[in-house]
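Each remark here refers to the structure printed beneath this line.
The values are calculated or read from the model by the stated rules, or taken from the named source; none is laboratory data. Computed from a prediction, not measured in an experiment: that's the story for all the values here. For neighbour counting, all protein chains shown are included, and Cβ atoms are generated from backbone atoms with ideal geometry for every residue, glycine included. These accessible areas exclude ligands, DNA and RNA; they are computed on the full protein's heavy atoms, side chains included. Shrake-Rupley method; radii C 1.70, N 1.55, O 1.52, S 1.80 Å.
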Amino acid sequence: MSDTDSASRKIIPITAVDADDAEMVSLYEAHKKIYPRSVSGLFARWRWVLVWLTQLVFYGLPWLEWGQRQAVLFDLGARRFYIFGLVLYPQDFIYLTGLLVISALSLFLFTAVAGRLWCGYACPQTVYTEIFLWIERKLEGDRSARIRLDDGPWNFNKLWRKGGKHAVWLLVALWTGFTFVGYFTPIQELGREVLQWRMGSWEVFWVIFYGFATYGNAGFMREQVCKYMCPYARFQSAMFDKDTLIVTYDTERGEPRGARSRKADPATLNLGACVDCSLCVQVCPTGIDIRNGLQYECIGCGACADVCDTVMDNMGYARGLVKYSTQNAVKNHWTRAETWRHVLRPRVLVYTAILTLICVAMLASLALRTPFKVDVVRDRGVLARIVAGGMIENVYRLQVMNATESEQTYRLSVSGLAGLAIASEETVTVASTEARWVAVRLQLPYEATAPGTHPIHFEITAGDGKTSVREKSVFLVPR
Ligand code: SF4
Ligand code: SF4
């Protein structure tokens, strides 16, 4: 370094700061545990209906039988997916894509109509948190009892209540993990393996992993999953507009807020309808105050609307201080009919039309699906050759997949070149839900056509003669 360089640079001395003088500023807010108060009302009832529905389906489906097998089974080892009468192969991946497109479009549609409907009522995080909270309330009591218990010293009462709660949580979580694995391994066999203590290592891993995730997410993480981990919370605002139904507080009607006696006239006290009881905050599973307006933490569960309606009933005021409404409806004082007219806007109608179209297309494609599949591969190990009788022979490998649950015999034929014939077996029998590779030899009289590559078609017809599959290939005539 030159002298001029060092002269032009300023040297800033670094001095140690006395630890006593330094003030530590944490960039992270300490997590405050939320104790949601129990709530009853229309939206709480709807949530429980969905908890029951989704869990009856989830826990019940793997136990249903269809013929000799489990009705819904995703057999990854055999690469077969059984959904009642349907047997799907990895080649049917298009249906999974269709299902994902339908799920994404449904999410767009429901979000455009009524915000975070999925989050508030059907999301597994909400559903399991609701179940775990119910268990917690049964063993530790409602909000104030739980706060008292947490603040109190460890004694026998606290120990058995907390221990009992965790024991029940763990049982539910492990049963959830077991059910999850039961979608991939026949659940009755899995049950026997559990009882006889002979589960495979992967099965043990997934039961514990899924169970642990349920226990952690629904028991401890709760609203933090929605607030910090769920990506949907981040981009859902892009799907909202001022005509989306969201849980809203009617500021004009509610403010100025303030406590008063039931008999007092709010107008003479210059008060709005909000009695500032804070119940809407106490029931909120994410611990926010809906009176501060739309916040990204709000999962649209409607608990605050339910509890506020009970407060309004007690005070003798009209319900709906906190309700599902749109920002435009609140601002313009629209009636319910006017609000719905604006909710059903072009965007919603376009989403509905596309969704209906895709659903119909997918159902039609499933209904018209051929119950077998064929893959044709030219056997590259065997070049075109001249065989006895002066015939040119090409060899192919055909994979025939039987997607029905009975043994099937298929008839093979070939077209595309005059004189082309099958010189091997013309039928192939495939066991139920199995796939079979067969070698097929095609022969063509020498000089029947010019040298080169000629397009041909295989036609494979099912035993009933009603369904057939046509597959393209080429026949090679050497010079
Ligand atoms: S529950 Fe209703 S009345 Fe009570 S604080 Fe909330 S908005 Fe106000
Ligand atoms: S603000 Fe209301 S709707 Fe939103 S999460 Fe809290 S209780 Fe549910």
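What the table below lists for this structure:
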{"quantity": "MRE, 222 nm, helices only [DSSP H, n ≥ 4, -39500 (n - 2.57), over the chain, to nearest 500]", "calculated": "-12000 deg cm²/dmol"}
{"quantity": "Kirkwood hydrodynamic radius over Cα pairs of segment 82-138, then Stokes diffusion coefficient at 37 °C and 0.692 mPa s, in µm²/s", "calculated": "234"}
{"quantity": "For segment 352-382 versus segment 212-282, the gap between their alpha-carbon centres in whole angstrom", "calculated": "47"}
{"quantity": "The chain: angle of helix 201-216 to the longest principal axis, Cα-based, in degrees nearest 10", "calculated": "30"}
{"quantity": "Segment 213-266: C-alpha gyration tensor shape, a/c 1.5 cut-off, then a/b vs b/c", "calculated": "oblate"}
{"quantity": "Cβ charges +1 (Lys, Arg) and -1 (Asp, Glu), total dipole of segment 301-356, debye", "calculated": "320"}
{"quantity": "Positive-end residue, the chain charge dipole about Cα centroid, Cβ charges, pick of V400, L271, Q327", "calculated": "L271"}
{"quantity": "Cα-based convex hull, segment 321-461, per residue volume (Å³, whole number)", "calculated": "222"}
{"quantity": "Around V430: net Lys/Arg minus Asp/Glu count, Cβ-Cβ under 9 Å", "calculated": "-1"}
{"quantity": "Cβ-based charge dipole, segment 67-163, positive-most Cα from F81, I135, F110", "calculated": "I135"}
{"quantity": "Burial ranking of peptide ranges 338-348, 253-263, 219-229 (average Cβ count within 10 Å, highest at the top)", "calculated": "219-229, 338-348, 253-263"}
{"quantity": "Point-to-point label distance, T427-R336, nm (Cα→Cβ direction, 7 Å offset)", "calculated": "6.7"}
{"quantity": "Set of lysines with alpha-carbon distance to K158 below 22 Å, sequence-local pairs under 8 removed", "calculated": "K32, K33, K138"}
{"quantity": "Helix 346-367 vs. the chain, principal-axis angle (Cα, 0 to 90°, nearest 10)", "calculated": "40"}
{"quantity": "Over 21 Å [Cα-Cα, segment 117-244], rounded percent", "calculated": "54"}
{"quantity": "Cα centroid of segment 437-479 to Cα centroid of segment 109-169, whole Å", "calculated": "65"}
{"quantity": "Per residue value of the accessible surface for segment 322-479 (all protein chains in place, 1.4 Å probe), Å²", "calculated": "56"}
{"quantity": "Mean Cβ count within 10 Å, highest first, over the residues of peptides 125-137, 160-172", "calculated": "125-137, 160-172"}
{"quantity": "Dipole magnitude of the chain, debye to nearest 20 (Cβ charges: Lys/Arg +1, Asp/Glu -1, about Cα centre)", "calculated": "840"}
{"quantity": "Extension gain (nm, one decimal) between Y28 and V194, 0.36 nm per residue minus Cα-Cα", "calculated": "55.4 nm"}
{"quantity": "Apportionment of accessible area to carbon and sulfur, the chain, percent (1.4 Å)", "calculated": "62"}
{"quantity": "Reciprocal of mean inverse Cα separation for segment 328-402 (Kirkwood radius, Å)", "calculated": "18.6"}
{"quantity": "Point-charge dipole on Cβ atoms (K/R +1, D/E -1) for segment 167-270, about Cα centre, debye to 20", "calculated": "380"}
{"quantity": "Over 38 Å [Cα-Cα, the chain], rounded percent", "calculated": "52"}
